[in-house]
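Readers should treat all values here as calculations from the given coordinates under stated rules, not as data from a laboratory. None of the values given here were measured: they were computed from a predicted structure. A quick note on method: Cβ atoms are made from the backbone with ideal geometry, for glycine too, and the neighbour counts reach across all protein chains shown.
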Amino acid sequence: MFLKIKNIPIVPWSSDKPFNFKPKVSTFSYLCFGLMLFGFGEALLLISTTGNSPWTVLAEGASNITDLSIGVATFFISIGVLSFWFFLKQKPGLGTVMNIIIISMMLDITIKFIDPPSFIFAQYFLAFLGVFLVGLGSGFYLVANLGPGPRDGLMTGLTKKTNLPIALVRGCIEISAVAVGWYLGGTVGIGTLIYAFGIGPCVALGLFLVNKLFN
């Protein structure tokens with residue numbers, strides 16, 4: 001069962017080491033593809049108007065009190081999350097840097113060019129699609145093994161420390177983020193709950209699908 005996954009799978013295009021700053025073209029391409037899917041999925045949930053993802057709730061709250069765009073706020077929050085890595089003995093790699101840049105850019109670009117839907121069915125379709133794409137994107141860039149993004153590094157670090165399933169650890173992190181974001185004035189709705197409780201299983205499913213597809 002994919003919900004019991006505790007380790008990141010290895011496929012032929014996975015990097016041999018996370019601190020590889022000259023990866024194969026295929027490895028780097030799948031990394032960027034996964035990060036674009038991740039950022040696009042986050043943006044779709046925001047555009048759905050059903051409620052932001054936990055980290056976007058936090059970014060929106062920070063945006064409200066700083067006048068930064070949501071993408072720029074996400075950029076600085078991602079850098080802040082890196083500070084927790086020291087306690088988990090996690091080290092950033094090329095994937096960590098690309099994560100911060102690509103996801104922040106995809107948020108602002110997608111929000112600029114796609115308008116929120118007016119029909120409720122379309123709104124919730126975007127919400128569920130967004131969560132799925134974030135999970136699938138996570139599967140690609142984590143398997144690339146070029147270093148996880150700030151949030152996923154926190155997830156994998158805590159998984160190693162606690163030996164708990166990835167789905168459970170990721171869910172707890174997302175719920176904590178939405179609580180802080182809501183306190184800062186970020187928008188919370190049904191879509192937020194869909195993301196908070198669905199992202200753990202979707203990340204695990206993404207890892208499972210990438211492993212099956214390339215092994």
ask   = Roughly how many debye, to the nearest 20, is the charge dipole of the chain about its Cα centre, given +1 on each Lys and Arg Cβ, -1 on each Asp and Glu Cβ, and no other charges?
value = 920
note = With N residues in the chain, Rg(alpha-carbon) / (2.2 N^0.38 Å) equals 0.94
request  = Scan the chain and note any complete DSSP helix (H) whose C-alpha atoms cover at least 20 Å along its axis and whose Kyte-Doolittle average is -0.5 or more.
outcome  = 25-48, 94-113, 120-143, 166-183, 190-214
inquiry  = For the range 1-63 and the range 148-215, what is the centre-to-centre distance using only Cα atoms, to the nearest Å?
reply    = 11
task = Order by neighbour count: Phe19, Phe86, Phe214, Phe38, fewest other Cβ atoms within 10 Å first, most last.
result = Phe86, Phe19, Phe214, Phe38
query = Measuring from the lowest to the highest alpha carbon on each principal axis, how far does the range 77-161 reach, largest first, in angstroms?
reply = 46, 23, 22
message = Are there any chymotrypsin sites (Phe, Trp or Tyr not before Pro) in the range 114-191 that are in a DSSP loop and have at most 11 other Cβ atoms within 10 Å? List them by number.
response = Phe119
message = Test of understanding: given the chain, find the longest segment containing no trypsin sites (Lys or Arg not before Pro) that are in a DSSP loop and have at most 15 other Cβ atoms within 10 Å.
response = 90-215
task = With only Lys, Arg, Asp and Glu charged, each at its Cβ (+1 for the first two, -1 for the last two), find how big the charge dipole of the range 1-112 is about the Cα centre; round to the nearest 20 debye.
result = 600
